[in-house]
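The structure under discussion appears below in the form of structure tokens.
Derivation of every value follows stated rules applied to the coordinates shown; laboratory data play no part. All of these numbers come straight from a predicted model, not from anything done at the bench. Backbone-built Cβ (ideal geometry, glycine too); neighbour counts: all protein chains shown.
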Amino acid sequence: MEARAIQTAVRQSARKMRLVIDQIRGRAVPEADAILRFSKKTAAVQIRKVLKSAVANAERSAERQNERLDVDTLRVRYAVVNEGPTLKRFTMAAMGRGTPIKKRTSHVEIRVGADAVKPKPAPTPKKEAAKAKGKAAEAKVVERAAKPRAKKGK
């Protein structure tokens, strides 16, 4: 089960926001929330809002489908920041000119999904036999390397 949240036209450049989003990608939701809460970057505030919204969407979706959902098992599956529309403004410059100012915006998208617990496969007898063969061959190589070689004389 996966849920997502998108925030568009956030008034901060995508480049600055990517520094923060890279820190939480692939992490567990409680860990990602802690990283964002204690981050000094301004972008962390907006990204934290989107993360909380994605978690709320996951809870709501599980409730609708009548399923159980533990928020602590959720992981940040997908997190990107793309460029949004740029606001173009001008400021005064010398000799009656105007210099352009680009006020950049960005779009934040976060998807969270539950961790699928994968059971560890039981070792098969064939794999164990192959491992034993490999260890025996490795021991022979070590024995050969340990023997001193005879020097060729002139």
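Regarding region 2-114, what are the three Cα extents along the principal axes, ordered largest first, in Å?
Its Cα atoms span 67, 27, 16 Å along the three principal axes.
Gain in length, Asn82 to Glu31, computed as 0.36 nm per residue apart minus the alpha-carbon separation, to one decimal in nm?
Between Asn82 and Glu31, full extension yields 16.0 nm more.
List every residue whose amide H lies under 5 Å from the amide H of Gln12, counting only residues 5 or more places away in sequence or on a different chain, with H placed 1.01 Å from N in the peptide plane.
Under 5 Å from the amide H of Gln12: Ser106.
Just grab the label-to-label distance for Lys16 and Arg4, each label 7 Å out from Cα along the Cβ direction, in nm (one decimal).
2.6
If Lys and Arg each add +1 and Asp and Glu each add -1, what is the summed charge of the other residues whose beta carbon sits under 9 Å from the beta carbon of Thr105?
Numbers: positive: Arg11, Lys103, Arg104; negative: Glu83.
So the surrounding residues net to +2.
If I stretch the segment between Glu59 and Ile101 completely, what's the gain in nm (0.36 nm per residue apart, minus their alpha carbon distance), one decimal? Show your work: numbers first, answer last.
Numbers: separation 42, 0.36 × 42 = 15.12 nm, distance 4.17 nm.
10.9 nm is the gain from fully extending Glu59 to Ile101.
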